[in-house]
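Asker: One structure, pasted below without further comment.
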Amino acid sequence: MSIKVVIADDDIMVREGMKIILSLDEEIEVVGTCSNGDEAFKFCQGNSVDVILMDIRMPICDGVLGTRKICEAFPKIKVLILTTFNDDEYIVEALKNGASGYLLKNILPEEVIKAVKIVNEGNMLIHPSIAEKVPYLLKRGDKKDFSKYNLQEVEIEIMKLISEGYSNKEISEKVFLSQGTVKNKITDILSKLNLRDRTQIAIFYLKDGK
């Protein structure tokens, strides 16, 4: 089954360019293009969508608000922020609102295709030039103590590894547990912290951890 992708960007050249790039991969199907976040949200209401490539700076409804609306209403849809702007505050807000990743538009076409597949599998992906800033940006403000949340040490370690982008298979190898056990631990973490998915786990760890 193909990965159903929507491209949301106010620049028609970007939309069409990304559509051509993604259509080169037989595992990806571009099912729609939109000019702002609200159009993307409305498209999701009547269509099956797996991943949205979302520009940040758009008129009417920008990518940050669009991401929030879509992630709240359709938690299974992954949003991958794509922009030319290396803007710290936008990065933080998009991730807090549920974005699964953040890339700059100057990356190679094959990297866009790879990124779509990575976030579709439920992993978090952030452009290398941005990744090193994110923990610092998310940690600003008051920090919470993990002891308040009744988390096991192994659960905290799993959260850390999720925040670093490791898959369940890789995590299982690092913590010496089966993939099934790791999956169960992640389910327990989501329940204890009242979170929706592994992206929110990563954000929680980076923002609230010591």
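Asker: Just give me the residues in the range 165-201 being free of Cβ contacts under 8 Å to residues at least 12 places away in the same chain, within 22 Å of residue 75 (Cα to Cα) and of a type outside the set (Phe, Trp, Tyr), in sequence order.
Answerer: Once the filter is applied, which keeps residues that are free of Cβ contacts under 8 Å to residues at least 12 places away in the same chain, within 22 Å of residue 75 (Cα to Cα) and of a type outside the set (Phe, Trp, Tyr), the range 165-201 yields 184, 187, 190, 191, 194, 195.
Asker: Residue 99: more than 18 Å from residue 20 (Cα to Cα), outside any helix (DSSP H, G or I) and of a type in the set (A, V, I, L, M), yes or no?
Answerer: Considered against the rule, which asks whether it is more than 18 Å from residue 20 (Cα to Cα), outside any helix (DSSP H, G or I) and of a type in the set (A, V, I, L, M), residue 99 comes out as yes.
Asker: Same structure, new question: Does residue 70 satisfy the condition of being crowded, with 22+ Cβ neighbours inside 10 Å, under 23 Å from residue 196 (Cβ atoms), in contact with a helix residue (DSSP H, G or I) (Cβ under 9 Å, 6 or more places away or on another chain) and modelled with pLDDT of 95 or more?
Answerer: Here the answer is yes, as residue 70 does meet what is asked.
Asker: Determine, yes or no, whether residue 115 is in contact (Cβ under 8 Å) with a residue 24 or more places away in the chain, touching a Phe, Trp or Tyr at 6+ places or on another chain (Cβ under 7 Å), under 27 Å from residue 160 (Cα atoms) and among the aliphatic types (A, V, I, L, M).
Answerer: Spelling it out, it is not the case that residue 115 is in contact (Cβ under 8 Å) with a residue 24 or more places away in the chain, touching a Phe, Trp or Tyr at 6+ places or on another chain (Cβ under 7 Å), under 27 Å from residue 160 (Cα atoms) and among the aliphatic types (A, V, I, L, M).
Asker: Among the residues of the range 38-45, is there at least one that is surrounded by fewer than 20 Cβ atoms within 10 Å (Cβ to Cβ), at pLDDT 90 or above and touching a Lys or Arg at 6+ places or on another chain (Cβ under 8 Å)?
Answerer: yes
Asker: While we're on this one: So which residues in the range 150-184 are part of a helix (DSSP H, G or I), under 21 Å from the mean Cα position of the chain (by Cα) and closer than 16 Å to residue 123 by Cα, if there are any at all?
Answerer: 158, 159, 160, 161, 162, 163, 168, 169, 170, 171, 182, 183
The values are calculated or read from the model by the stated rules, or taken from the named source; none is laboratory data. Computed from a prediction, not measured in an experiment: that's the story for all the values here. Using ideal geometry, Cβ is built from the backbone for each residue, glycine included, and neighbour counts are taken over all protein chains shown.
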